[in-house]
Each structure stands twice: as C-alpha cells, then as structure tokens.
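What follows draws every value from the coordinates through simple rules; no lab data is involved. Because the structure is a prediction, the values reported are computed rather than measured. Quick reminder, even Gly has a Cβ in these numbers, built from the backbone with ideal geometry, and neighbours come from all protein chains shown.
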Amino acid sequence: MHNTTTQNAAASKPLVFRATGLVKRYGQVTALDGADFELRDGEILAVIGDNGAGKSSLIKALSGAVVPDEGEMYLDGKLVHFKSPVDARRHGIETVYQDLAVAPAMTIAENLFMGREILRPGLLGKLFRAIDMKQMLTDAVGYMDDLKIGIRSMSQAVETLSGGQRQGVAVARSAAFARHVVILDEPTAALGVKEGNMVLEMIRRVRDKGLAVILISHNMPHVFEIADRIHIQRLGKRAAVVNPQTISMSDTVAVMTGAKRSEDLPEDAHA
Amino acid sequence: MSKLSSRLPPLATLGPLIALVVAAGFFSIQSDRFLSSQNFSLILQQVMVVGVLAIGQTLIILTAGIDLSCGMVMALGSIVMTKFAVDLGMHPALATLCGLLVCSLFGLANGLLVTKIRLPPFIVTLGTMNIAFAITQIYSSAQTVTDLPAFLTFFGNTLKLGETEMSYGAIFMLALYLGVWLFLRETAPGRHLYAVGNSPEAARLTGIATQRVLLTVYAIAGLFYGIAAMLIVARTGVGDPQAGQTDNLDAITAVVLGGTSLFGGRGVILGSLLGAVIVGVFRNGLTLMGVASVYQTLITGILVILAVATDQLSRKRS
C-alpha cells in the first residue's frame, strides 16, 4: 500500500543523525563494542535488542546521558559531542524517558514548558523573570492539538491524567521543542491496548511533523506496526537494519537472539 | 460531582481554617479579653516572628527538605545584631546587616552540605541547629543584651489602624508574604522551586539547575531567619540568647498546618501565614487561660503531628 511508497521515499532521504564505532565500557563490561547507527530524515527507526545488547547504552550516548569512550556522532552532517542530555537538547534532540520526567503535581502547561518557560514581555519578564501563563496555556493547547491529544484543560495537574495522556504530555513536549530528533524510550510499556494504540498514533504524527523518531521498544507487534526501519542491536554492535515490510517477526527475533546471522537473511529483508 | 469536588479546596486546606475558627470560638468563651483589639495586636506581634521564620521554612519544605535550625539561627542573628551595636558600638544599621549576613551564611552552609556533600537536610540542620545554639551561648555568655539603640526596635513601633495597633514589623511580614507569594506563583525561578520539590529528576532532565535552586533556597531561607531576628529584637527590645527555642517547632508547625506537604512540591505560602496565625492564637489563648508555657509546647507538638497525619490521610484518600 502507501506504506511501501513511504518506504521508498524514506530510502532516498538524507541521514539526519549518524554514529560510527561507538564504544562504551563500564569497568570490565563492554556495553558498546563499536556500534554504528544511522537515522534518516522523517523516519521512525525502531531500536530493538535483547537485554545486555547495548541498546540502552546506545540510546544514552545518542541522547547525551553518557559520553562514549570512542566513536563519532554526526548530526545533520556535523560532528557533535554531547556532554549532557541538556546539551543534546540544545542541539535539537529531545528524549522522552521511560519514567516520563513529568512533575505530577504541576499542570500540563507547566510540564510542557518546564525549564523553558515563556517570560512576559518587558521589564516584568526581564527583571523578575515573570512567566506568561496565558501565552503558555495558549501554546500548550496548540502542542497538544498537533498530536490530537484530547485534553480539555491545560491547567489541570498531570497526576489527574491517565497513563496514555501522561505519555502524551511528554511526547508533546519533545515534539514541540525538537528540531531534529525525538527519542522515545519504551513509550507503550506500561499501557493497556487502547492507550498503547493511542500513543502509536501520536508517534506517527510526530514523524508526520517532519521529525525523525528513534523508538526503543520490547513490543514486537508495536515495532512492526509503526517502524519504517528496525535497527537490531546485538552484543554491543549493530547486527542488522531490517525492513519490517519484508522481514518476518520470527526472523527479526532470530537475528536479535543470535539464532540467525544477518547474512542469512533474504536479500530484501535488509533496509 | 467530580467537578464540584475538584473546585473545592482539599481537606488539607480547609482543615486549618476550621481549626482556627473553632479555636478562636473556644478561647473567646474562656477569656473575655481574647476578642479585644489589644489582644489582636498582641497576637500579630507574636505571629510576625514565627511568620517570617515560616517563610524560609516553607521554601525549604517545598523542595522536600526541612530546616531544624531556623529558630537557633535566628537567635544567633539577634545576638550578633544587638552585641555588635551595643558592645562594639557599631552603627545599628551595620550591626543589623552583620546579623542578616551571619544568618544567610548559616543558610548557605546548610545548602552546601545538602547539595555538595548530599547529606540529608534533617541531619545537616540538626547539626547546624546545635552549632548555632552553642555559638549564641558562647558569644553572649548566656547574658541578655540590653540598652539597645532605638534603631534596632524600629519594627516594634506601631501604627493605629482603627482600634487595632499594627506594628511596622507585622506590616513588613505581610509585605514579605505578598512578595514571596508572587515570586512562587508568577516567576520562572518560583516554578522551578516547585518542580525541584515535586520531581527532582524531571526538573534535572528538563534542564533546571536543581542543585543551584536548592543552594539558593537554603541561603535565602537563612536571610529570612535574619529578618525574623530583626523582628524579635524589635518586639522584645533585647538580645535574648534563649530566643528561638519554641519558635523552631512553631515555624515548622505553621508550615505544616498551612497545608504545605513535607514531601515537597505542594503548598501555598499564604497557608503558612494562616498556620502561623493558628499557632499564635493557640499560644495566646492558652496564655490567657493561664496554661503554663510548657503545656503550650506540649500542645504544639500534638498539633504538628495532627496536621501531618491529616495531610497524609487526605492525600491517601484522593
């Protein structure tokens, strides 16, 4: 269907984020052993891997949470070194953490703008750093509408929301401020079927806004439903990048667990 | 139904108000002097010290911390102000500044120990409480400082508002509350303080300099204890090394009664003012009834536990 055309269109798209030979050691343990990574413009790239495959170390390196011992990262073709998540954020990479990083007692608008509040014009803003709550509420409605998250009041506390809606707040925050990449860490893990689907729909809308999305997930059906390409991480390296349109779920799991080598996959399974 | 209950303030907010009304009713039956305007002035005089201490305490509790040293730091500040002015012959304005500085430095020290060495606020301030108390006793030789210059008692002067006399100190306290309320509600640093208390991890990940927020909060709280020192000197007209011993618990009680959660990130500063008034009314009413001071302390202790328990239970239900 139209999915295949998206696929072909994506294949010709330029790389927005690229890493080569990433190494990260923790004492005796080598979490990343020369991992490569490529993310194309406007795609959803799922990153999967068994426990200990170096999946979370890879994501931490890409989001600035850890500094790799070796290797290079290029954002929009330019060499970058992230010293912290805040640093990565400054470069236009936003991360939605598994625990969401929201303050439950604070309002949706406040959470969306946490650490990036809109200040009032004039002296009030400059001198006293007074916040422009009205503007923040208006913009918040826009951000949430962008992803079609139907919440009536932006001034209700995040703790009054359902799990999926909270996820929505975190995703909307990332989508609003990201310039290049949104990283989502297990966004559907704690959700029921209905809310999980709602979040998948949200992720598609983030991509359709023109952002590249990295999705870390254990949920194979979700990965196959939404990903344009799948990066399989194994033993600290990238084992393969596959096309969910043409590879079977069992072959994917086989590569992930080491039962099958990348070379043994049919030609058209690669992406 | 759910709409209605979300619009009503939670039990934790209504509870203190009810307690205040009940207590006032009770005391006015027990003593016909309770409702007099002179007595109201007296309560305000007493509330201004605990009230200002409670501002600093609220800021710290909002970050999920606690400061046990507030009363003792205030006592040290008041001794520095009075002794510097009387014994060293320093200009009282300069002596006051020195007192404010000493209190701020104590706050800063608390903050550094909490943020840099990552010690629990409870232990840090338990330590500095004793240090401040000891320095106060050593430096003053446990002697009260008297014969203060008029400058130091300025805030004790009163303004007649109808039948009630308001001291400048009480007016100053109300102004401070208004200022801090606006700061917490309307400014980015104010909202960051709530974020740090509510979810330090979220605050850090969204780029808020959480450690700097904490350090600033402890130092500013120290400054408020210094202001409280200024007010207690003005109210009593002496530098009293034994001051602050009941105010310590009273300030924490005021904050908790005012509905600020000990777990951080939730609360409104004006609640602490209400809490301070409740504590003041209790102490005043019990004094009028002839209840000895030690029993008042007993009751305050029970009051603080009741307030925390109510807060905890009402949150669990919701």
Checklist entry - Roughly what % antiparallel, to the nearest 5, for the DSSP beta bridges in chain A? => result 60 percent
Next on the checklist: Whole-Hz ³J(HN,Hα) for each residue in the stretch B:79-84, computed from phi via Karplus 6.51 cos²θ - 1.76 cosθ + 1.60 with θ = phi - 60°, x for glycine and proline: what do you get?
Outcome noted: 5, 4, 4, 6, 5, 4
Checklist outcome for this item: Expressed as a whole number, the average count of other chain Cβ atoms within 10 Å around the Cβ atoms of B:187-199 is 6
Checklist entry - Taking each residue of B:201-212 in turn, how many C-beta atoms of other protein chains fall within 10 Å of its C-beta, and what is the average? => result 6
Checklist entry - Got a sec to turn the phi values of the stretch A:14-29 into Karplus ³J(HN,Hα) couplings, 6.51 cos²θ - 1.76 cosθ + 1.60 with θ = phi - 60°, whole Hz, x for Gly and Pro? => result x, 6, 9, 9, 9, 9, 10, x, 5, 10, 9, 10, 10, x, 7, 8
Item to check | Calculated log₁₀ intensity ratio I(q)/I(0) where the Debye formula runs over C-alpha points of chain A, q = 0.09 Å⁻¹ | outcome: -0.43
Item to check | Amide H within-cut-off set for A:Ala239, under 5 Å, with H built and near neighbours excluded | outcome: A:Ile232, A:Gln233, A:Arg234
Checklist entry - What range in chain B is the longest one free of trypsin sites (Lys or Arg not before Pro) that are in a loop by DSSP and have at most 14 other Cβ atoms within 10 angstrom? => result B:119-318
Next on the checklist: Given R₀ = 35 Å, what would the calculated FRET efficiency be for B:Ile305 paired with A:Gln135, taking r from the Cβ atoms and rounding to 0.05?
Outcome noted: 0.20
Next on the checklist: For a quick check, take a GNM of chain B with Cα springs below 10 Å and name the residue from B:Leu148, B:Leu274, B:Leu35 with the largest mean-square fluctuation.
Outcome noted: B:Leu35
Checklist entry - Taking the Cα centre of the stretch B:40-242 as the origin and placing charges on Cβ (Lys, Arg +1; Asp, Glu -1), which of B:Val102, B:Asn198, B:Val73 is farthest toward the positive end of the dipole? => result B:Asn198
Item to check | Residue among B:Ala202, B:Ala276, B:Ala109 with the largest mean-square fluctuation in a Gaussian network model of chain B, springs linking Cα atoms under 10 Å | outcome: B:Ala202
Item to check | Residue among B:Phe40, B:Phe155, B:Thr128 farthest towards the positive dipole end of the stretch B:40-242, charges placed on Cβ | outcome: B:Thr128
Item to check | For the stretch B:173-285, Kirkwood radius (reciprocal of mean inverse C-alpha pair distance, Å) | outcome: 15.5 Å
Item to check | Hull volume in cubic angstrom per residue (convex hull over the Cα atoms of the stretch B:40-242) | outcome: 114 Å³
Next on the checklist: Give me the Å³ per residue figure for the convex hull around the C-alpha atoms of the stretch A:153-208.
Outcome noted: 87 Å³
Checklist entry - Near the amide H of A:Ile131, under 5 Å away, which other amide H atoms are found, from residues 5 or more places off or on another chain, if H is placed in the peptide plane? => result A:Arg120, B:Thr187, B:Ala188
Checklist entry - What is the distance in Å between the Cα centres of the stretch A:61-133 and the stretch B:186-246? => result 26 Å
Checklist entry - Top mean-square fluctuation among B:Ala54, B:Ala243, B:Ala228, Gaussian network model of chain B, C-alpha springs under 10 Å? => result B:Ala243
Checklist entry - Per the Kirkwood treatment, what hydrodynamic radius in Å, one decimal, follows for the stretch A:26-150 from the mean inverse distance over all distinct Cα pairs? => result 17.6 Å
Item to check | Cut-off under 5 Å, modelled amide H: who pairs with A:Ile44 long-range | outcome: A:Val213, A:Asp228, A:Arg229
Checklist entry - What is the average number of partner chain Cβ atoms found within 10 Å of a Cβ in A:122-130? => result 3
Next on the checklist: Give me the percent relative contact order of the stretch B:195-303, please, defined on Cα pairs under 8 angstrom at least 6 residues apart.
Outcome noted: 22 percent
Checklist entry - How large is log10 I(q)/I(0) at q = 0.14 Å⁻¹ when the Debye formula is applied to the Cα atoms of the stretch B:114-229, each weighted equally and without solvent? => result -0.87
Checklist entry - So what's the back-of-envelope 222 nm ellipticity for chain B, counting only DSSP H runs of four-plus at -39500 (n - 2.57) apiece and dividing by all residues, rounded to 500? => result -25000 deg cm²/dmol
Item to check | Cα centre as origin, Lys/Arg/Asp/Glu Cβ charges: the stretch B:190-318 dipole, Debye | outcome: 440 debye
Checklist entry - Which entries of A:Lys13/A:Lys209; A:Lys134/B:Lys116; A:Lys83/B:Lys116; A:Lys24/A:Lys78; A:Lys134/A:Lys194 show an alpha-carbon separation above 26 angstrom in the structure shown? => result A:Lys134/B:Lys116; A:Lys134/A:Lys194
Checklist entry - If you average the sequence gap of Cα pairs under 8 Å that are 6 or more apart and divide by the length of chain B, what percent do you get for the contact order? => result 33 percent
Next on the checklist: Please return the longest range in chain A lying between exposed loop sites, taking trypsin sites (Lys or Arg not before Pro), DSSP loop only, at most 12 other beta-carbon atoms within 10 Å, and leaving the sites out.
Outcome noted: A:153-260
Checklist entry - Semi-axes, largest first, in whole Å: what does sqrt of 5 times each Cα gyration tensor eigenvalue give for the protein assembly as shown? => result 58, 25, 20
Item to check | Length-normalised contact order for chain A - Cα pairs under 8 Å, 6+ apart - percent | outcome: 24 percent
Checklist entry - If R0 is 45 Å, what FRET efficiency do you get for B:Thr164 and B:Leu112 from their C-beta distance, rounded to 0.05? => result 0.55
Checklist entry - Label B:Arg315 and A:Gln98 with points 7 Å out from Cα along Cα→Cβ: what is the distance between them in nm? => result 2.6 nm
Item to check | Under the Karplus curve 6.51 cos²θ - 1.76 cosθ + 1.60, θ = phi - 60°, whole-Hz ³J(HN,Hα) for the stretch A:71-77, x wherever Gly or Pro sits | outcome: x, 10, 10, 10, 10, 6, x
Checklist outcome for this item: Placing each pseudo-label 7 Å from Cα in the direction of the beta carbon, B:Ala24 and A:Arg179 end up separated by a distance in nanometres of 5.7 nm
